[in-house]
Structure formats: structure tokens, C-alpha cells
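First up is the structure itself, then whatever we jot down about it.
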Amino acid sequence: MSDGGVWWNNTGEENTESLKERFNVLESSPYASPRITMANDSVGMVAERAPPIYSAIICIGIGIITPLFVNTQFGPLEGFDFIFLGAVMFVFSGIGVFLLRQHFRGDKWLFIHETHLGLRYEKSDKGIPEEYKHILHSDVVKIISHERVTESTDEDGSTSTYVYQVTSILVYNKDEPESRTNQELCLCMTDIHSSSKEESDGIAAALNFLILGTPLSSSAE
């Protein structure tokens, strides 16, 4: 990011610009993104894509077909082998059902309104924690671009590490009053995944401007 200037001048006075005015400024800046749109007086963007239905079908299929295949090839199993096969069936079928449910709920959207923001699924009002459906702008502590690292362990015990570029919206945690000044105590409202660090940085800058009124730098790298 360049610090050579700003697209919106924050003089320290209370921000009186409307959300629509800030969005119009954003649209004429280097931070404009086709992922961020405005309709019906609110700004929206997809925070998380719904999983494709084929991924759910594959997982459920593995959970159902594997026991049938094993029984056909090796006959009924007993003891530890039977328990292990049951665990495989349970895990894959459970993952498949979860993915299927998420698919039919649709994409998870972030909506920014004049005084608050919230999450909802495209096709369902269920599945979003109540505290994340209506959050005042004043309860948003920080919006940051960073790497999210996750690990998964395979059946053979090997560990795989995955690194994602995300924009995280950190909000006030009522159970931790110090979270207003300590981001480590905040709640993460949502992660917005990006394909690159530059895209993630740009989204963070845009959301900071739209929600918190943080000035935009004069250029984006």
C-alpha cells in the first residue's frame, strides 16, 4: 500500500458520510472490487462459497460403498477391524451430510448496512449464530488481512498444512471487556478467503473504509 495520499479525508470529526457515499468513493478508487456490490441500500459480498454438491455425494458414497466393498471382498469383519470400518463410514457419511446441508443453504453473505452488519446464508435463515446476524459498526474492533494456517491429519498419521489468505472481521466479545483494545480476545465474525495476499489486503482496506471509515490509501499494490 502506498501512503502518498488518501481517497477519503478523515479529519477526526464524526463521520457523516452515508454508506452509499462511501461506496461510491470506493467504486472510483483502486480498491473497487466486483466482489463488493450495493443493492437496496446495503453493501454485500460473498464471505464463503457453498460447497459443490458433488463433494457431498462423493463423501456419502465413500461412507456407504466402502463397507459394502469390504464385506464383499473380505467377508464380515470382527473386533477392531469392524470398529475401524464403522468409524470410516461414520466420518465420511457425516462429512457428506454436512457438505450437503451447506450446499442447500447457499453462499454465506456479509451484508453491511448503515449502522450495522450481519451474516446470512443465501437460501436459509438458519445456521448463522444469532450474535453474528446484527453487529453494530461500533462493535467491530479490527478488520485484518493475514494468513490462516490449518492442519489436518490423515489416517496414516501424516500431517498436512494448508495456508489461506483471508480477511478477518474481529468483533467485540462481551465476555472479554478488554477485547475492544486487545484483538487476541476478539471474536472472529467471519473469514473471507482470497486467492492472493494483494486481493486480501484490498478487501481489508475496502471493508475498513465502508464499516469503520478508515481512509483509503491513494493506490493499491
Restricting region 180-221 to residues that are in a loop (DSSP other than H, G, I, E, B) and in contact (Cβ under 8 Å) with a residue 60 or more places away in the chain, which is farthest from the chain's Cα centre (by Cα)? SER218
Just a yes or no: is a residue in region 54-61 hydrophobic (A, V, I, L, M, F, W, C), closer than 30 Å to ILE112 by Cα and modelled with pLDDT of 80 or more? no
Please find, among GLY61, GLY94, GLY106, the residue that is surrounded by fewer than 17 Cβ atoms within 10 Å (Cβ to Cβ), at positive phi and free of Cβ contacts under 8 Å to residues at least 60 places away in the same chain. GLY106
Does at least one position in region 119-132 carry a residue that is polar (S, T, N, Q), at pLDDT 80 or above, loosely packed, with under 12 Cβ neighbours inside 10 Å and assigned by TED's automatic domain parsing to the domain that holds SER168? no
Checklist (1) crowded, with 19+ Cβ neighbours inside 10 Å; (2) not in a strand (DSSP E or B) applied to SER168, failing item: (2)
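The values are calculated or read from the model by the stated rules, or taken from the named source; none is laboratory data. These figures come from a predicted structure and were not determined experimentally. Counting neighbours? That spans all protein chains shown, and the Cβs are built from the backbone with ideal geometry, glycine included.
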